[in-house]
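Enquirer: Here you go, one structure.
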Amino acid sequence: MVDGIERPLDVLNNAKGKEVLIQLKNNKQMVGTLLAFDIHINIVLNNAKEIVDGENKRSLGLTFLRGDTIIFISPANVVK
Amino acid sequence: MVDGIERPLDVLNNAKGKEVLIQLKNNKQMVGTLLAFDIHINIVLNNAKEIVDGENKRSLGLTFLRGDTIIFISPANVVK
Amino acid sequence: MVDGIERPLDVLNNAKGKEVLIQLKNNKQMVGTLLAFDIHINIVLNNAKEIVDGENKRSLGLTFLRGDTIIFISPANVVK
Amino acid sequence: MVDGIERPLDVLNNAKGKEVLIQLKNNKQMVGTLLAFDIHINIVLNNAKEIVDGENKRSLGLTFLRGDTIIFISPANVVK
Amino acid sequence: MVDGIERPLDVLNNAKGKEVLIQLKNNKQMVGTLLAFDIHINIVLNNAKEIVDGENKRSLGLTFLRGDTIIFISPANVVK
Amino acid sequence: MVDGIERPLDVLNNAKGKEVLIQLKNNKQMVGTLLAFDIHINIVLNNAKEIVDGENKRSLGLTFLRGDTIIFISPANVVK
Amino acid sequence: MVDGIERPLDVLNNAKGKEVLIQLKNNKQMVGTLLAFDIHINIVLNNAKEIVDGENKRSLGLTFLRGDTIIFISPANVVK
């Protein structure tokens, strides 16, 4: 559901507590539950898993991601 | 129609709710419906699809794109 | 004609409505009609065409270019 | 335990005095005890060890890490 | 003549109207007549020529160069 | 000794006058005596030596290092 | 002589009028007489010479160097 998205950060706010896919600049991806973010797009995921070439590479648990390494964030399965 | 474009962000404002093509720095492209943007050119697309080498690679749904990874945004089929 | 150019942005202001060549950092070029720019050198081109290795690769129509991907902008055929 | 995490830096604050894994942009990792951080995500680790390809490469002791080289910070074994 | 150079931008100010060599980060060089610059080191050259591997590759005429792509600017033959 | 480190720069302050190891982004390292630093992590070393692949490559003496090229700074042998 | 160096820029101030070695990010070096600098570490050298692989490649004369391309600056032979 995309109603009520006026600003880009609204998407992140709506995704709190839900699973998101994050594409990083180093060709890796992270999936996890979005716990927190700030205006620099620094992100905290819970139950974070690092994915390389489509395979689950590492379970990282609670993880702080620095915003400037992020390409996109997709709360994929949240949309209907 | 390009009347009324005084500042670069006017193009993005006119493209809200329409399909756009976004070229990213990592040689990938995204297409999707532009929902929101801010002055950092952070972007929200709905029904985002990632395109690599001209082929639809992944359907991402609702997606937040960080502005500093974007090369250009083209609301291509909107222009007459 | 280069009279009256006191600051770099004067060149872009004089080129509004005219064809420009833009060299991007990813070794690609764009040509198109300059519609708008801002102090970040974000650019809007109309009838934008992407050029790779001297060949017209894609017609993009109206396009927003993020300033930090630009190396140079040349309103080439405007100068006498 | 992830209660009480409102902002990304809360994760780092909770991890003070505990072991963290830090992924750097140069494909290296550091592990060590988090002593201090600031809003630029500059970090101080004690008993820092540099890890390359999963192997302990160098023991560095007390180390100051510049924030802009960091991809993620994971206080991995702290979470239950 | 280097008298009266107190700040780096004094060199650019003295070079206005004169030929300069500009080394860009993409291993290319530009030569042309310096018309204007600003504090971001955005530059306008007239009669700009792009030089690759020591050979004149393209005549660009009036050209706006974005400051963050510049390594050095040398008003070479102006110095005695 | 790590008592009294509240902020990351405290580590650098404590290391003044002592030998530090600095890892640079270009895969090189510097060792030398830390004389001064600022909030950009610009650094001055005395008796600086450049190290490449573990070998002492060049003795540089007094050297100013620009902060944005630094990955980490380790006052290694100072810690007990 | 390193007395009186409280802040990193003091080293550059003391080196005015003296020969310095500058390491650039593109693996090239410059030597020349330091004439001026600013807080961005923009630099003006007189009698600048570009050095590649230890060989004098080009004499550039008076040269403006953009600060963000600089790794280190060493007024090497000035120290006793």
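Computed from the coordinates by the stated procedures, all read-outs in this text should not be read as laboratory data. If you're wondering where the values come from, they're calculated on a predicted model, not measured in any experiment. Don't worry about glycine lacking a Cβ; one is built from the backbone with ideal geometry, like all the others, and counts go over all protein chains shown.
Enquirer: How high is the relative contact order of chain F, given as a whole-number percent (alpha carbon pairs under 8 Å, six or more residues apart)?
Expert: Relative contact order of chain F: 30 percent.
Enquirer: Please list, ordered by chain and number, the residues whose modelled amide H lies under 5 Å from the amide H of F:N42; skip anything fewer than 5 residues away on the same chain.
Expert: Amide H to amide H, under 5 Å and 5 or more residues apart or across chains, F:N42 pairs with F:G67.
Enquirer: While we're here: In debye, nearest 20: dipole of region F:8-69 around its Cα centre with unit charges on the Cβ of K, R (+) and D, E (-)?
Expert: In total the dipole reaches around 120 debye.
Enquirer: Still on this model: Running a GNM on chain D with Cα contacts under 10 Å, which residue among D:N47, D:N13, D:N26 ends up with the highest mean-square fluctuation?
Expert: In the Gaussian network model the winner is D:N26.
Enquirer: Give the order of F:D38, C:D3 when sorted by the count of other beta carbons within 10 angstrom, beginning with the fewest.
Expert: Fewest-to-most ranking of F:D38, C:D3: C:D3, F:D38.
Enquirer: Another one. Do any of B:K16/C:K28; D:K16/D:K49; C:K57/E:K25; B:K49/C:K16; B:K25/D:K57; A:K16/F:K25 go past 23 Å between their Cα atoms, and which?
Expert: Flagged as over cut-off: B:K16/C:K28; C:K57/E:K25; B:K49/C:K16; B:K25/D:K57; A:K16/F:K25.
Enquirer: Also, I was wondering about something else. For n ≥ 4 DSSP H runs only, could you compute -39500 (n - 2.57) per run for the protein assembly as shown, divide by its residues and tell me the 222 nm figure to the nearest 500?
Expert: Using -39500 (n - 2.57) per qualifying helix, the result is -2000 deg cm²/dmol.
Enquirer: While we're looking at this one, here's another question. Report, in whole Å, the centroid distance computed from the Cα atoms of region C:21-53 and region D:24-75.
Expert: Using only Cα atoms, the two centres lie 40 Å from each other.
Enquirer: Just check the protein assembly as shown against the gyration tensor rule for me: Cα atoms, a ≥ b ≥ c as the square roots of the eigenvalues, rounded for a/c under 1.5, and otherwise prolate or oblate depending on whether a/b exceeds b/c.
Expert: Oblate.
Enquirer: Using the 10 angstrom Cβ neighbour count as an exposure proxy, how do G:T63, D:T69 rank, fewest first?
Expert: D:T69, G:T63
Enquirer: A further question follows. Could you give me the percent of Cα pairs per 5 Å distance bin for chain C, shortest bin first, beginning at zero and ending with the bin that holds the maximum distance?
Expert: 3, 16, 28, 27, 16, 7, 2, 0
Enquirer: Additional query: Measuring from the axis that superposes chain G on chain E, report the chain G residue with the minimal C-beta distance, rounded to whole Å.
Expert: Here the nearest residue and distance are G:D68, 8.
Enquirer: Near the amide H of F:L62, under 5 Å away, which other amide H atoms are found, from residues 5 or more places off or on another chain, if H is placed in the peptide plane?
Expert: When sequence neighbours closer than 5 places are left aside, the close amide H contacts are F:N47, F:A48, G:V79.
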